[in-house]
Amino acid sequence: MIDEGIALFFPAPRSYTGEDVLELQGHGGPVVMQMLLQRCQELGARLAAPGEFTLRAYLNGKLDLAQAEAVADLIEASTAAAARSATRSLSGEFSRAIHDIADRLVALRVRIEASLDFPEEDAGFLEEGGELSCRLAELAERLERMLRGAQRGSILRTGLRVVLVGQPNVGKSSLLNRLAGEERAIVSAVPGTTRDALRETIAIDGIPLQIIDTAGLREDGDEVEQLGIARSWQEIAQADVVLHLLDARQGMAEDDSMILAKLPHGIERLVVMNKCDLTGHDAGKIATDGKTTLWLSALTGAGIPLLEQELLRVAGGQADSEDVFLARNRHLAAIEAASSRVLAAASRPDRLELCAEELRLAQRALSSITGEFTSDNLLGEIFSGFCIGK
Ligand SMILES: Nc1nc2c(ncn2[C@@H]2O[C@H](COP(=O)(O)OP(=O)(O)OP(=O)(O)O)[C@@H](O)[C@H]2O)c(=O)[nH]1
Ligand SMILES: [Mg+2]
């Protein structure tokens, strides 16, 4: 005897994978489980590949591809809002929204094909400003809305990457500790304390944020510090938002202008005047010509709620709304592709056969999300990201 437990038999097709499934449940603990697994293997079973159960469920039509991905996202969700969004996708809400748009694309294509064959029967349909252009505009609108929801969902999945940047000693590590609510990073009055990038995941209103503390940027410093600074720039290159910290007593110095000039183009940047407690300046937010400066104190915590609000704004606000789907990059690319096909169709009302072809390609792009058109390579990529036994 190895253990006492339960054997559950799920006859096909009413199991997770759609096949006959036998589940053995023991008391747990790595040694006993290992012995149980070993005995099963001696009797002819083999270990499952990563995601193999979910892959089988997909191949047997129990789930579509977007739902299968939601299984992995649910397991890996880092906040309750992300988990809820994954559950919505798992229940098929995302897939239904995709199918709804795809159905509209098909219906419109059918009308166009009919007009090609019998132009005189449906003249109002093709007129300028007529039904065709209205329908195309409506489709473009829907895709645009879906893209926005998916972009917000993609932040919910991976977390917004927030990199703390600035000269040595301005208080980056202090701010990380303040946001994390614990003493994660070493803080000291010695400039050049932080050497290696340090990351901490926090959640604000259900939105996961990866806060990354970096080595203070300066030209001198020893070899180790310079290696750390090179890492700071690597982190900056992958940031969604850069928090540029300044010492409020000094404000923007020459070295800061140099840092500014080297930041990647188009990156979201917030200027943080830290140590406002030493200046007598109140904590607060000042917005001038679209640029936001936050005055706060990492030491006392004054102004931190304002910073959190500002980060939420950058992340796209509320995490938990109905139209936010936990999208992956491949979903975003597919929705974007469909959207540009529909726009291309709208620009060619004079060439109906081109218009119909664009709509066909738009439909194909959307269907790749739920898995109607997918290559084996893509399946391998998706399911290898799962943990074993799921
Ligand atoms: N009065 C005051 N002191 C602060 C504040 N934030 C940080 N400090 C102090 O400033 C010093 C430097 O803080 P750190 O958080 O280590 O600064 P850093 O930017 O991480 O520095 P490096 O790692 O060297 O780049 C420490 O002595 C902190 O206690 C603040 O808001 N007010
Ligand atoms: Mg530091």
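The values are calculated or read from the model by the stated rules, or taken from the named source; none is laboratory data. Just so you know, these numbers come straight off a predicted model, no measurement behind them. Every residue, glycine among them, receives a Cβ derived from its backbone with ideal geometry; neighbour counts consider all protein chains shown. Surface areas here come from the heavy atoms of the whole protein model, side chains and all, with no ligands, DNA or RNA. Shrake-Rupley method; radii C 1.70, N 1.55, O 1.52, S 1.80 Å.
Determine, yes or no, whether LEU312 is modelled with pLDDT under 95, assigned to a helix (DSSP H, G or I) and open to solvent by 20 Å² or more (accessible area, probe 1.4 Å).
yes
So which pairs qualify, if the first residue must be in the stretch 365-387 and open to solvent by less than 20 Å² (accessible area, probe 1.4 Å), the second must be at pLDDT 80 or above and part of a loop (DSSP other than H, G, I, E, B), the Cβ gap must be under 8 Å, and the two must be at least 6 apart or on different chains?
THR370/ASP64; GLY371/ASP64; ILE382/GLY51; PHE383/ALA49; PHE383/GLY51; PHE386/GLY51
Rundown of residues vs (1) open to solvent by 80 Å² or more (accessible area, probe 1.4 Å); (2) without any contact (Cβ under 8 Å) to a residue 40 or more places away in the chain, yes/no style:
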{"position": "ILE2", "(1), (2)": "no, yes"}
{"position": "GLY5", "(1), (2)": "no, yes"}
{"position": "PHE10", "(1), (2)": "no, yes"}
{"position": "SER15", "(1), (2)": "no, yes"}
{"position": "GLY18", "(1), (2)": "no, no"}
{"position": "VAL31", "(1), (2)": "yes, yes"}
{"position": "CYS40", "(1), (2)": "no, yes"}
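If a residue counts only when it is modelled with pLDDT of 90 or more, which helices (runs of 4 or more DSSP H) contained entirely in the stretch 72-143 have at least 1 such residues?
In the stretch 72-143, 80-90, 93-117 are the helices (runs of 4 or more DSSP H) which contain 1 or more residues that are modelled with pLDDT of 90 or more.
Which one is nearest to SER78 (Cα to Cα), of the residues in the stretch 126-177 that are among the basic types (Lys, Arg) and away from ligand 1 (no atom under 16 Å from the Cβ)?
ARG157
Mind checking which residues of the stretch 42-80 are under 23 Å from the mean Cα position of the chain (by Cα) and open to solvent by 40 Å² or more (accessible area, probe 1.4 Å)?
Once the filter is applied, which keeps residues that are under 23 Å from the mean Cα position of the chain (by Cα) and open to solvent by 40 Å² or more (accessible area, probe 1.4 Å), the stretch 42-80 yields PRO50, LEU55, LEU74, ILE75, GLU76, SER78, ALA80.
Within the stretch 196-242, track down each residue that is surrounded by fewer than 20 Cβ atoms within 10 Å (Cβ to Cβ), in a loop (DSSP other than H, G, I, E, B), within 29 Å of the chain's Cα centre (by Cα) and at negative phi.
Of everything in the stretch 196-242, those that are surrounded by fewer than 20 Cβ atoms within 10 Å (Cβ to Cβ), in a loop (DSSP other than H, G, I, E, B), within 29 Å of the chain's Cα centre (by Cα) and at negative phi turn out to be ASP196, ALA197, GLN238, ASP240.
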